[in-house]
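Just so you know, all these numbers are worked out from the coordinates, no wet-lab data involved. Source: prediction; values computed, not measured. Here the Cβ is made from the backbone with ideal geometry for all residues, glycine too, and neighbour counts use every protein chain on show.
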Amino acid sequence: MDASIIITARNEDPQVLEATLAGVEATTRHLRAELVVVDDGSERVVECRGRRLQLVRNDVSAGTCKARRIGAELAAGPFLVWLDAHMSFGTGWLEQLLVHADTRSLLCSPFWTYDLKRCMCWGADIRWSSTRDYFAGKQPGFSLVHRTTEPDLAITQVPMVIGACYAMQRAAYEELGGFSPLYRVWGLDELDLCSRAWMAGLGVACVSFAKVGHLSRAAFPYAVQYDHLEFNQMVLLHTIFDTDTIARLGAHFSPLPQQPSAWLAETDLTPWRSLVQAKRRMSDVEFFRRFSPEVLAG
């Protein structure tokens, strides 16, 4: 088997999901690839079938990050590819990713529009904000900014992935510990995995010619709240960085809202933090100097 393609879906429009599955089948039928679909607690049960397709359902949503983790645990291939359920595909997209499978880096495709006519970005930069202003759509913590300059090379290192098409050699993914088992609902799972990939010396890269489109939507088909995002920010901060960084950046989250504070109090971060810290090959200062220098300036 060449690859395992993992699709997570929650309350996805059945026609959109069907188009995604058809697109995967049409562009990978000549390859040895399996498809794992994780129905993450959709209100309307996902129904799909295929010769190479395995479907699993979470009766209660585990959240995007945990659903991707579940899909990886079920997959059998040596190369793992994670997709959103609302995607389109250009010819040879998977082959382009497979060419670079032995890099051990976390890979992404560029972020194309759903009609595959315009590329929105090639990976993203990491940014830090110390502002909480929900009315202005701002929260403290890390976020991303699209990289809109087309690279010259077939594969280019980037701070973080974007585009809802991510891939990694299974052995490297397992060495890293996989997607976080602690995140809630949605948000920061890509940034978390990318930060850990850099910290562990594996790196992150965008494969320029892997043409995959993403259907952009005005709203999520399920509830996403600032409480979930702030909890995820705190998990990222408290598991990836050292104690001095936690104290300095954590002050910008104070006062932490009641709900994420309660979730944090009942979550044992120690096992996951220990695993993450054991993989580190890069210091906080090195990480911020390279990817988010405003943190050092502040």
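Helix 14-28 sits at what angle to the longest principal axis of the chain, using alpha carbons and giving 0 to 90 degrees rounded to 10? So the helix axis and the longest Cα principal axis differ by about 70 degrees. At full extension, Glu174 and Ser129 could sit 13.1 nm farther apart than now, given 0.36 nm per residue minus the alpha carbon distance.
Counting 0.36 nm for each residue step from Thr113 to Phe220 and taking away their Cα separation leaves a gain of 36.8 nm. The fewest-to-most ranking of His252, His238, His30 by surrounding Cβ atoms within 10 Å reads His30, His252, His238.
Normalised by the number of residues in the chain, the average gap of Cα pairs under 8 Å and 6 or more apart makes the relative contact order 20 percent. Listed from fewest to most Cβ neighbours within 10 Å, the set Phe179, Phe135 follows the order Phe135, Phe179.
Straight Cα distances below 18 angstrom link Lys211 to the aspartates and glutamates Glu25, Asp84, Glu95, Asp115, Glu150, Asp152, with same-chain residues fewer than 8 positions distant left out. Looking at segment 192-284, the trypsin sites (Lys or Arg not before Pro) that sit in a DSSP loop and have at most 14 other Cβ atoms within 10 Å of their own Cβ are Arg217, Arg281.
Note on the chain: helix-only mean residue ellipticity at 222 nm, from DSSP H runs of 4+ residues weighted -39500 (n - 2.57) and normalised by residue number, equals -10000 deg cm²/dmol. Residues Thr28, Thr103, Thr8, ranked from the fewest to the most other C-beta atoms within 10 Å, line up as Thr103, Thr28, Thr8.
Helix 64-74 and the longest principal axis of the C-alpha atoms of the chain enclose an angle of approximately 50°. Compared with the dominant principal axis of the Cα atoms in the chain, helix 189-199 is inclined by about 70°.
Each part gets one Cα centre, and for segment 67-81 versus segment 264-298 those centres are 25 Å apart. In a fully extended conformation the segment linking Val60 and Thr149 would gain 28.0 nm over its present Cα-Cα distance, using 0.36 nm per residue.
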